[in-house]
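Take a look at the structure below.
No value in this document is a laboratory result; all are computed from the given coordinates. Remember, predicted model here, so these are calculated numbers, not experimental data. Neighbour counts are summed over all protein chains in view; Cβ atoms, including those assigned to glycine, are modelled from backbone coordinates with ideal geometry.
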Ligand code: GLU
């Protein structure tokens, strides 16, 4: 059993992150396995070293020991580029020059499980126009979902407590695999690294269950193994809304500095007991 906790260092960690990290750590340790820390820092503009240091201090305070050094996505950019090349060679991705405003305007927006579905504007550009515009215009790379889903056929994954769960990547439309401002999207980087790290069970919040539709498809296209998944309930504040990085009161740094006992908190979280005012909800 190999699990991971994979924060993006774009803000401080909060109780929801602690809950996720405790579940992943404890699952590995109960099984005599390993628990790894991955820093999801592909977003160079928003990632901060101070958040990496704070995340490590938070995990230490909770008593969650890691196996090995932290893995950094910013050091794997070559792997993501190689995967994209592989998909490009099979005509499964295309460059997209649309701005956010273009997309919003052109949408008689069908919505997918994770938001608006890209209307496919750039999918039909000819090879010459593509080559010309790639040279001069910012662009991202999108998966040609219809082709990719047809190629892969029906897919499923093992979801804890549910058994086999069918993946529905087609509902997401032509997702972005490499961003204008970053060489990989969350979907591509996370899928490749979970495989490279040999993660056997991905434990993360239920807000990411829809992403697994896409991750499962990428595994099929790239010949990667499929781990088991456990998408857990989300920690919500007194207003019933899931915690976000902006909720200063629930950050682990705040609790740590207020003298809260991190090991005791980790034991409570493991048992599903949350500090007063917080609750667990399935979205
Ligand atoms: N880095 C992602 C986040 O902080 C989580 C990735 C994952 O667990 O798959 O939301």
- Message: Give me the extension gain from residue 31 to residue 261: residue separation times 0.36 nm, minus the current Cα-Cα distance, reported in nm with one decimal.
- Response: 80.2 nm
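Determine, for each peptide in 219-225, 47-53, 276-282, the mean count of other beta carbons within 10 angstrom over its residues, then list the peptides with the highest first.
Descending mean neighbour count gives 219-225, 47-53, 276-282.
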- Kirkwood hydrodynamic radius over Cα pairs of region 133-224, then Stokes diffusion coefficient at 37 °C and 0.692 mPa s, in µm²/s: 233 µm²/s
- What is the Å³ per residue value for the convex hull set by the Cα atoms of region 49-116? 204 Å³
- Gyration tensor verdict on region 40-163 (Cα atoms; rounded if a/c is under 1.5, prolate if a/b is larger than b/c, oblate otherwise): prolate
- Task: Take every DSSP beta bridge whose two residues both sit in region 104-237, then give the antiparallel share in percent to the nearest 5.
- Result: 55 percent
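Would you calculate, for the chain, the mean residue ellipticity at 222 nm contributed by helices, counting each DSSP H stretch of 4 or more residues as -39,500 (n - 2.57) and dividing by all residues, to the nearest 500?
So the calculated ellipticity at 222 nm is -11500 deg cm²/dmol.
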- Could you give the length gained on full extension between residue 249 and residue 91, defined as 0.36 nm per residue of separation minus the Cα-Cα distance, in nm? 52.1 nm
- Task: Once you have a ≥ b ≥ c as the square roots of the Cα gyration tensor eigenvalues for region 149-202, tell me rounded if a/c is under 1.5, and otherwise prolate or oblate according to whether a/b is larger than b/c.
- Result: oblate
- Rg followed by Dmax, in Å, when region 1-110 is reduced to its Cα trace: 18.2, 53
- Note on the structure: Taking Cα pairs closer than 8 Å and at least 6 residues apart, the relative contact order of the chain in percent is 24 percent
- Going by the alpha-carbon gyration tensor, a ≥ b ≥ c the square roots of its eigenvalues, is region 170-226 rounded (a/c under 1.5) or, if a/c is not under 1.5, prolate (a/b greater than b/c) versus oblate? rounded
- Taking a spot 7 Å from the Cα of residue 206 along the direction of its beta carbon, which residues of region 8-35 have an amide N less than 20 Å from it? 14-25, 27
- Can you give me the relative contact order of region 118-215 as a percent, contacts being Cα pairs under 8 Å and 6 or more apart? 27 percent
- Given the chain, what percent of its DSSP beta bridges are antiparallel, to the nearest 5? 60 percent
- Note on the structure: Scattering profile of the chain from the Debye formula, Cα beads only, expressed as log10 I(q)/I(0) at q = 0.13 Å⁻¹, is -0.94
- When each pair of different Cα atoms in region 100-164 is counted once in the 1/r mean, what is the Kirkwood radius in angstroms, to one decimal? 14.9 Å
- Which angle from 0 to 90°, rounded to the nearest 10, does the C-alpha axis of helix 186-196 make with the longest principal axis of the chain? 70 degrees
- Task: Pairs of Cα atoms under 8 Å, at least six residues apart: use those to get the relative contact order of region 173-275, whole percent.
- Result: 19 percent
